[in-house]
Structure formats: C-alpha cells, structure tokens
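Student: Structure below; questions to follow.
The values are calculated or read from the model by the stated rules, or taken from the named source; none is laboratory data. Predicted model only: the values in this text are computed from it and were never measured. All Cβ positions, even for glycine, are placed from backbone atoms using ideal geometry, and neighbour counts span all protein chains on display.
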Amino acid sequence: MEKGDSKNLVKEPDLSYGNYTYADYLTWEMEEMVELIKGKVFKKAAAAPRRIHQWLTGNLYTEMNLFLKGKQCQAYIAPFDVRLPINSKKDDKISTVVQPDICVVCDMDKLDDRGCIGAPDLVVEVLSPGNKQVELQHKYQVYEESGVKEYWLVDPEGQTLLIYTLIHGRYQASRLMTTGDIVKSSVILGFELDLEVFFAEIK
C-alpha cells in the first residue's frame with residue numbers, strides 16, 4: 001500500500017472506531033495487513049497464513065496468470081489494495097479497502113499505482129481458521145454490493161470450492177464442488193480448474 005509522509009503515520013488505529021476512510025488507511029504504519037470494511041478496521045492474523053493457504057493461493061494465481069497472458073484481464077495476488085467506492089472515488093470518501101487473496105481485473109481503467117479502484121471482475125478468497133467470519137459475512141456483502149461478478153471461496157481443510165455468481169445484483173451460489181469436479185468461470189471464459197489435481201498435493 002502507498003503510504004504518506006512518515007511524520008503523519010499512525011502506529012495503531014482505534015479498532016472500536018467505525019468511520020475510517022482510505023485517507024486514514026494510508027496513514028497507518030502496522031506490521032500486519034489490515035482491511036477496511038464499511039469504515040471498520042479488520043486485522044489479518046498476526047501470524048503468517050498457514051503453509052497450505054499460501055501453497056494453494058500461489059498455485060491458483062499462477063494458473064490464472066498464465067491463462068490470462070496476452071488477454072484483456074489481469075490477475076493480482078495479495079497484498080494488493082482493492083478500493084470499493086460507493087458515491088465518490090476520493091480517498092476521504094472511500095470506506096472499504098480489502099486485500100483479496102487473488103483478484104482478476106478486466107477493466108484496465110480501474111487500475112492505478114495504488115491497486116484497483118472499483119470492483120474486480122473475479123475475487124478468490126482462500127479460507128483459513130482466522131479469517132472465515134470476515135470472508136463469509138462481511139466480504140460477501142461488500143463484494144455483492146460493489147458488483148464483483150464472481151466470488152470464489154476455497155476451503156483447503158474441506159477441499160471444496162464454492163462460486164457465487166452475481167445475477168441481477170444478487171449472488172447465486174453454485175453447488176459445493178470438490179475433488180472430481182472441473183471448475184469453470186463465467187468471467188474468465190475458457191479457464192478450467194481440475195479440483196482433483198488442485199487439491200492433490202495437500203499434505
């Protein structure tokens with residue numbers, strides 16, 4: 001994330017305060033990654049994500065990135081700021097800034113040096129014990145409201161994948177897919193993920 005003048009950095013925001021903006025976010029100097037959802041601060045776990053979380057995230061990003069080479073869309077992996085404005089794109093008016101594990105952006109006008117401003121076309125979150133509530137509740141709401149067309153939830157422990165597809169402004173869930181299924185995206189046309197191969201190396 002791009003930060004401001006070091007003289008103005010804040011070591012620790014008040015987590016009970018619920019009216020922060022992206023302008024505030026830029027002044028925070030914190031060791032762990034944080035997200036801002038509707039003005040409220042959510043800390044990522046202090047410890048690094050579990051090995052398998054990083055393994056699966058990296059593998060899926062690599063597959064998407066290779067598939068998209070030479071195409072219109074681009075894939076990004078966290079840390080990568082995604083700002084989700086409502087009525088204004090000004091820093092002091094944006095109250096949601098998230099760090100999806102992976103996101104795919106097809107509108108290049110949404111990309112700048114600080115990340116993405118506006119809804120990515122596809123977002124992937126890989127669940128871990130410390131982040132399930134944020135992913136399942138808070139992020140689901142902001143992704144739906146902001147217009148993320150496709151939202152993937154990957155569960156390494158259960159070896160499952162669920163896709164929420166935006167239809168007429170509301171998410172509709174796929175069936176729960178697992179080993180033996182071939183996952184197809186309605187956003188990245190032609191991209192397929194063989195879950196038997198994808199989950200095979202979990203140990």
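Student: When the range 159-175 is examined, which residues are found to be surrounded by 13 or more Cβ atoms within 10 Å (Cβ to Cβ) and assigned to a loop (DSSP other than H, G, I, E, B)?
Tutor: Gln159, Ser174
Student: Taking the range 176-197, which residues are free of Cβ contacts under 8 Å to residues at least 40 places away in the same chain, assigned to a loop (DSSP other than H, G, I, E, B) and within 21 Å of the chain's Cα centre (by Cα)?
Tutor: The answer is Leu176, Ser186, Leu189.
Student: Here is a further query. Within the range 110-132, can one find any residue that is modelled with pLDDT of 95 or more, assigned to a helix (DSSP H, G or I) and on the phi < 0 side of the Ramachandran plot?
Tutor: Looking through the range 110-132, at least one residue is modelled with pLDDT of 95 or more, assigned to a helix (DSSP H, G or I) and on the phi < 0 side of the Ramachandran plot.
Student: Can Val98 be described as farther than 14 Å from Leu60 by Cβ, buried (at least 21 other Cβ atoms within 10 Å of the Cβ), out of contact with any Pro (no Cβ under 7 Å at 6 or more places or on another chain) and outside the structural domain of Tyr22 (by TED's automatic domain parsing)? Write out each step before concluding.
Tutor: Working: farther than 14 Å from Leu60 by Cβ: yes; buried (at least 21 other Cβ atoms within 10 Å of the Cβ): yes; out of contact with any Pro (no Cβ under 7 Å at 6 or more places or on another chain): yes; outside the structural domain of Tyr22 (by TED's automatic domain parsing): yes.
Yes.
Student: Looking only at the range 34-67, filter to residues that are modelled with pLDDT under 90 and basic (Lys, Arg); which one of those is farthest from Tyr20 (Cα to Cα)?
Tutor: Arg51
Student: In this structure, is Leu195 touching a strand residue (DSSP E or B) at 6+ places or on another chain (Cβ under 8 Å), within 30 Å of Lys43 (Cβ to Cβ), of a type in the set (A, V, I, L, M) and not assigned by TED's automatic domain parsing to the domain that holds Thr27?
Tutor: no
Student: List the residue pairs whose Cβ atoms are under 8 Å apart, where the first residue sits in the range 50-67 and is aromatic (Phe, Trp, Tyr), the second is at pLDDT below 95 and exposed (fewer than 14 other Cβ atoms within 10 Å of the Cβ), and the two are 6 or more positions apart or on different chains.
Tutor: Trp55/Glu201; Trp55/Ile202
Student: How do the pairs read when you match residues in the range 18-39 that are farther than 14 Å from Thr96 by Cα and not assigned by TED's automatic domain parsing to the domain that holds Tyr140 with residues anywhere that are at pLDDT below 90 and in a helix (DSSP H, G or I), using Cβ under 6 Å and keeping only pairs 6 or more apart or on different chains?
Tutor: The qualifying pairs are Thr27/Asn8.
Student: Collect the residues in the range 122-153 that are among the β-branched types (Val, Ile, Thr), in contact with a Leu (Cβ under 8 Å, 6 or more places away or on another chain) and over 14 Å from Thr57 (Cα atoms), keeping them in residue-number order.
Tutor: Scanning the range 122-153 gives Val142, Val148.
Student: Related question: Could you tell me how many of the residues in the range 124-163 are over 15 Å from Cys103 (Cβ atoms), aliphatic (A, V, I, L, M) and under 13 Å from the mean Cα position of the chain (by Cα)?
Tutor: Residues meeting the conditions: 3.
Student: May I ask you to say which residue of Pro85, Pro100 is closer than 21 Å to Phe199 by Cα and either among the aliphatic types (A, V, I, L, M) or assigned to a loop (DSSP other than H, G, I, E, B) (or both)?
Tutor: Working: Pro85 fails: closer than 21 Å to Phe199 by Cα.
So the residue among Pro85, Pro100 that is closer than 21 Å to Phe199 by Cα and either among the aliphatic types (A, V, I, L, M) or assigned to a loop (DSSP other than H, G, I, E, B) (or both) is Pro100.
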